[in-house]
Amino acid sequence: MKLLIVLLLLPIVLSGCAIKPWVKPYERARLAEPVMNLNRHPASNAYMHHVHQAREGARGAEGGAGGGCGCN
Amino acid sequence: MQLRVVCALGGCLFSVAATAAVLPEDRADVLYHRYEGGGMTIDGPSVLVRKSIGGRVSVSANQYVDSVSAASVDVLASASPYTEERTEKSLGVDYLVGKAIYSLSYTGSEENDYEASTVSFGASQDFFGDLTTLSFGYARGDDTVRRRGDALFEEQAERQHFRFGVTQVITRNMIMALGHEFVSDEGFLNNPYRSVRYRTAVGYASQPEVYPNTRSSEATALRAGYYLPWRAAVHAEYRWFSDSWGISSRDWRIAYVFPFRTHWEFELNYRDYEQSGADFYSDLFPYQDAQTFLARDKEMSDFTSTSYGMAASWEFLKGRFRLIDRVGLRIAVDRYAFDYQNFRDITVKGLPVGAEPLYAFKATVSQVLLSVWY
């Protein structure tokens, strides 16, 4: 777990020393494609988080959306 | 009573930017959702409207309804089937300043025996050439718990959420996000209707559940999206969870998203969830008041849940009208299988106490989403 955090934060730390970002703005077209959007349909995502929260013990870090109850 | 208002965080109003600081799109969504399985049918609409004002402010409003018809194994074991309705309303505003977005929202939820209100605040900021987005959030919820048929019963619970997240552009094809959330609860946290069972000389008897008055939990999630050369994407996520009640879980999900021709998009996904239960959970306690805290809530037992699903989206009427950019229709179906390792189906009669079959059920989640972008 700690290793994963370090690996993820490493580019941030390194970028602090860099003058320019390693992925230029004009190179981000693919990242801007709709299929890459993690939260393409907010109402649907919120509902699915609600479905999980209601039936599972876990909660939190759902990635943007939450909300709701647990149901019998 | 819809149990355990777990995380009324303002729903989708609490979202943080996944990439560069850009306000969410102007759109209106009408969602019909339906959950069916394990004796439960829950359906209803969700309407979400979002509109920007002057390019720096975006406001949103959401109304979500759950119409519940409950005849689950828990209900059948100790009560009669019932119906009820929960309505949740949210208002939110996002404010863009430079490369930062500040978000504020309020959510209120009402049902006949439970009220919840939540205020949340969030902020996100782009750094390092917009390759990195840092975000944090705080939410506070106050709940009032009542019990049908008992006018004197009223309890309170309060909840605080602390969130931190970082989203990082890794390469021109890959983006990753790490999120962490700490949740703290205090007050009446159990369900006033549920009971545990304990062994007696002639079988078993029941007594009310007793939960601790505090709970704290931590969840960490790692997500990644990778763009494939044929204009498709793979999304994967892994989440770890643990809490002070002894519940720990991990879940992972993978999804494959691909367009078809100009106006269609399809998604296939698989999710796996595995949980070890609370320290004070037992399907059958040896005797009455066997310990300080008692639970027989299947959501707190050891179990696994797997699901697979698919979705199809179609966008049309693009550029046809002056005030509407396009219209989208999305249909999604997910099929779940829950398998409990230490929760038994006591509606099965004629077997020795404690020898009933382990409970399992399947559920189907369906959604129809109509979206208008403007």
Review point. Residues in the range B:86-113 that are over 17 Å from the mean Cα position of the chain (by Cα) and surrounded by 23 or more Cβ atoms within 10 Å (Cβ to Cβ): how many?
Key: 5
Review point. When the range B:132-180 is examined, which residues are found to be within 14 Å of B:Thr118 (Cβ to Cβ) and facing chain A (nearest Cβ under 9 Å)?
Key: B:Ala139, B:His161, B:Arg163
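Consider B:Arg239 carefully, then state whether it is surrounded by 14 or more Cβ atoms within 10 Å (Cβ to Cβ) and within 12 Å of chain A (Cβ to nearest Cβ). Outline the logic, then answer.
Numbers: surrounded by 14 or more Cβ atoms within 10 Å (Cβ to Cβ): yes; within 12 Å of chain A (Cβ to nearest Cβ): yes.
So B:Arg239 passes the test.
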Check your understanding: What is the number of the single condition among (1) closer than 30 Å to B:Leu351 by Cα; (2) among the β-branched types (Val, Ile, Thr); (3) within 11 Å of chain A (Cβ to nearest Cβ) that B:Val183 does not meet?
Key -> (1)
Exercise for review: For the range A:11-45, enumerate the residues that are modelled with pLDDT of 65 or more and either of a type in the set (Phe, Trp, Tyr) or outside any loop (DSSP other than H, G, I, E, B) (or both).
Suggested key: A:Trp22, A:Pro25, A:Tyr26, A:Glu27, A:Pro34, A:Val35, A:Met36, A:Pro42, A:Ala43, A:Ser44, A:Asn45
Practice item. Report yes if some residue within the range B:51-58 is surrounded by 15 or more Cβ atoms within 10 Å (Cβ to Cβ) and aliphatic (A, V, I, L, M); otherwise report no. Key: no
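Hey, among the residues in the range B:185-231 that are among the polar types (S, T, N, Q) and under 14 Å from B:Ala77 (Cβ atoms), which one's modelled with the lowest pLDDT? Show your work before the answer.
Of all residues in the range B:185-231, those among the polar types (S, T, N, Q) come to B:190-191, B:195, B:200, B:206-207, B:213-214, B:216-217, B:220.
Going one step further and asking which of them are under 14 Å from B:Ala77 (Cβ atoms), we end up with B:191, B:195, B:206-207.
Working: B:Asn191: 89, B:Ser195: 93, B:Ser206: 95, B:Gln207: 96.
Once the filter is applied, the top-ranked residue is B:Asn191.
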Exercise for review: Report those strands (runs of 3 or more DSSP E) wholly inside the range B:138-226 carrying at least 1 residues which are under 17 Å from the mean Cα position of the chain (by Cα) and either more than 30 Å from B:Tyr256 (Cα to Cα) or free of Cβ contacts under 8 Å to residues at least 60 places away in the same chain (or both).
Suggested key: B:150-171, B:174-187
Study note, to complete from the structure: Result of the Cβ filter at 7 Å on the range B:101-127, keeping first residues that are outside any strand (DSSP E or B) and partners that are surrounded by fewer than 17 Cβ atoms within 10 Å (Cβ to Cβ), at least 6 apart or interchain, is B:Asn112/B:Arg148; B:Asp113/B:Arg147; B:Asp113/B:Arg148
**Study point:** Unmet requirement for B:Glu267, which otherwise passes all of (1) touching a residue at least 40 places away in the same chain (Cβ under 8 Å); (2) within 28 Å of B:Trp240 (Cα to Cα); (3) more than 10 Å from every other protein chain (Cβ to nearest Cβ)
**Key:** (3)
Review point. Restricting attention to the range A:38-54, which residues are facing chain B (nearest Cβ under 7 Å) and not hydrophobic (A, V, I, L, M, F, W, C)?
Key: A:Asn39, A:His41, A:Pro42, A:Ser44, A:Asn45, A:Tyr47, A:Gln53
**Study point:** Odd one out for B:Ser80, checked against (1) part of a loop (DSSP other than H, G, I, E, B); (2) among the hydroxyl-bearing types (Ser, Thr, Tyr); (3) surrounded by 15 or more Cβ atoms within 10 Å (Cβ to Cβ)
**Key:** (3)
Check your understanding: Would you pick out the residues in the range B:272-321 that are under 29 Å from the mean Cα position of the chain (by Cα) and farther than 30 Å from B:Ser78 by Cα?
Key -> B:Asp272, B:Tyr308, B:Gly309, B:Met310, B:Ala311, B:Ala312, B:Ser313, B:Trp314, B:Glu315
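Given the residues B:Phe285, B:Phe258, B:Phe303, B:Phe316, which is the only one that is surrounded by 15 or more Cβ atoms within 10 Å (Cβ to Cβ) and within 30 Å of A:Ala29 (Cα to Cα)?
Working: B:Phe285 fails: within 30 Å of A:Ala29 (Cα to Cα); B:Phe303 fails: within 30 Å of A:Ala29 (Cα to Cα); B:Phe316 fails: surrounded by 15 or more Cβ atoms within 10 Å (Cβ to Cβ).
After applying the criteria, what remains is B:Phe258.
The values are calculated or read from the model by the stated rules, or taken from the named source; none is laboratory data. All values reported here derive from a predicted model rather than from experimental measurement. In this analysis, Cβ positions are derived from the backbone assuming ideal geometry, glycine residues included, and neighbour counts consider all displayed protein chains.
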